[in-house]
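What follows is a set of notes on a single structure, which appears directly below.
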Amino acid sequence: MVTLYQLEGCPYCELVADRLDELEVDYESVWTEGLHSKRNEVKRISGQRQVPVIVDDERGVTMPESERILDYLEANYA
(Lines give C-alpha, C1' and ligand atoms only; values in the text may rest on other atoms or scores of the structure.)
Protein backbone atom coordinates (compact mmCIF):
# COMPACT_ATOMS: atom_id res chain seq x y z
CA MET A 1 0.00 0.00 0.00
CA VAL A 2 1.21 3.51 -0.86
CA THR A 3 0.36 6.42 1.42
CA LEU A 4 0.66 10.01 0.21
CA TYR A 5 0.99 12.75 2.81
CA GLN A 6 -0.21 15.94 1.20
CA LEU A 7 -1.57 19.41 1.79
CA GLU A 8 -4.71 20.87 0.24
CA GLY A 9 -3.78 23.23 -2.60
CA CYS A 10 -0.11 22.15 -2.74
CA PRO A 11 0.89 22.03 -6.44
CA TYR A 12 3.75 19.59 -5.76
CA CYS A 13 1.38 17.26 -3.94
CA GLU A 14 -1.05 17.46 -6.85
CA LEU A 15 1.72 16.47 -9.30
CA VAL A 16 2.42 13.34 -7.27
CA ALA A 17 -1.27 12.48 -6.82
CA ASP A 18 -1.91 12.97 -10.56
CA ARG A 19 1.00 10.66 -11.43
CA LEU A 20 -0.20 8.01 -9.00
CA ASP A 21 -3.62 8.19 -10.67
CA GLU A 22 -2.10 7.99 -14.17
CA LEU A 23 -0.11 4.92 -13.18
CA GLU A 24 -3.22 3.42 -11.55
CA VAL A 25 -1.42 2.96 -8.23
CA ASP A 26 -3.79 2.44 -5.33
CA TYR A 27 -2.92 4.87 -2.57
CA GLU A 28 -4.30 6.43 0.56
CA SER A 29 -4.18 10.20 1.05
CA VAL A 30 -3.34 11.63 4.45
CA TRP A 31 -4.15 15.33 4.58
CA THR A 32 -1.72 17.32 6.69
CA GLU A 33 -1.96 20.55 8.64
CA GLY A 34 -1.20 23.82 6.89
CA LEU A 35 1.28 24.97 9.51
CA HIS A 36 4.70 23.31 9.36
CA SER A 37 4.87 23.29 13.16
CA LYS A 38 1.73 21.12 13.34
CA ARG A 39 2.88 18.42 10.89
CA ASN A 40 4.06 16.10 13.64
CA GLU A 41 2.91 12.92 11.87
CA VAL A 42 4.88 13.82 8.74
CA LYS A 43 7.93 14.58 10.91
CA ARG A 44 7.58 11.24 12.69
CA ILE A 45 7.28 9.35 9.39
CA SER A 46 9.92 11.13 7.30
CA GLY A 47 12.10 13.14 9.67
CA GLN A 48 11.01 16.46 8.19
CA ARG A 49 7.79 18.48 7.91
CA GLN A 50 7.55 19.19 4.18
CA VAL A 51 5.02 17.56 1.88
CA PRO A 52 4.55 15.62 -0.29
CA VAL A 53 5.85 12.44 1.30
CA ILE A 54 5.07 8.93 0.14
CA VAL A 55 5.33 5.73 2.12
CA ASP A 56 5.44 2.56 0.04
CA ASP A 57 4.95 -0.22 2.59
CA GLU A 58 5.42 -3.00 0.05
CA ARG A 59 8.91 -1.80 -0.88
CA GLY A 60 9.87 -0.36 2.52
CA VAL A 61 10.35 3.15 1.13
CA THR A 62 9.60 6.51 2.73
CA MET A 63 10.42 9.46 0.50
CA PRO A 64 9.93 13.25 0.54
CA GLU A 65 10.28 15.78 -2.32
CA SER A 66 8.04 15.64 -5.36
CA GLU A 67 10.81 15.32 -7.96
CA ARG A 68 12.37 12.34 -6.19
CA ILE A 69 8.92 10.79 -5.70
CA LEU A 70 8.07 11.16 -9.40
CA ASP A 71 11.40 9.55 -10.38
CA TYR A 72 10.71 6.71 -7.92
CA LEU A 73 7.21 6.16 -9.33
CA GLU A 74 8.58 6.04 -12.88
CA ALA A 75 11.24 3.52 -11.94
CA ASN A 76 8.94 1.26 -9.93
CA TYR A 77 5.39 1.61 -11.30
CA ALA A 78 5.56 2.77 -14.93
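The values are calculated or read from the model by the stated rules, or taken from the named source; none is laboratory data. None of these values were measured; they are calculated from a predicted model. Reconstructed Cβ throughout: ideal geometry from the backbone, glycine too, with neighbour counts over all protein chains shown. Please note that ligands, DNA and RNA were not included when accessible areas were found on the heavy atoms of the full protein model with its side chains. Shrake-Rupley method; radii C 1.70, N 1.55, O 1.52, S 1.80 Å.
Atom-type composition of the exposed protein surface of the chain places 44 percent of the accessible area on carbon and sulfur (1.4 angstrom probe).
In this rough spin-label picture, where each label sits 7 Å from Cα along the Cβ direction, the residue 76-residue 35 distance is 3.3 nm.
May I ask for the distance between the Cα centers of the range 1-37 and the range 39-78, given as a whole number of Å? Taking the Cα centre of the range 39-78 as reference, the centre of the range 1-37 is 10 Å away.
Put a dot 7 Å past each Cα toward the Cβ at residue 63 and residue 17; how far apart are the dots in nm? Roughly 2.0 nm, to one decimal. Computed with a 1.4 Å probe over protein heavy atoms only, the accessible area of residue 59 comes to about 100 Å². For the chain, the solvent-accessible area works out to 61 Å² per residue, with a probe of 1.4 Å and every protein chain left in place.
A viscosity of 1.002 mPa s and a temperature of 20 °C, combined with the Kirkwood radius over Cα pairs in Stokes-Einstein, give a translational diffusion coefficient for the range 1-63 of 182 µm²/s.
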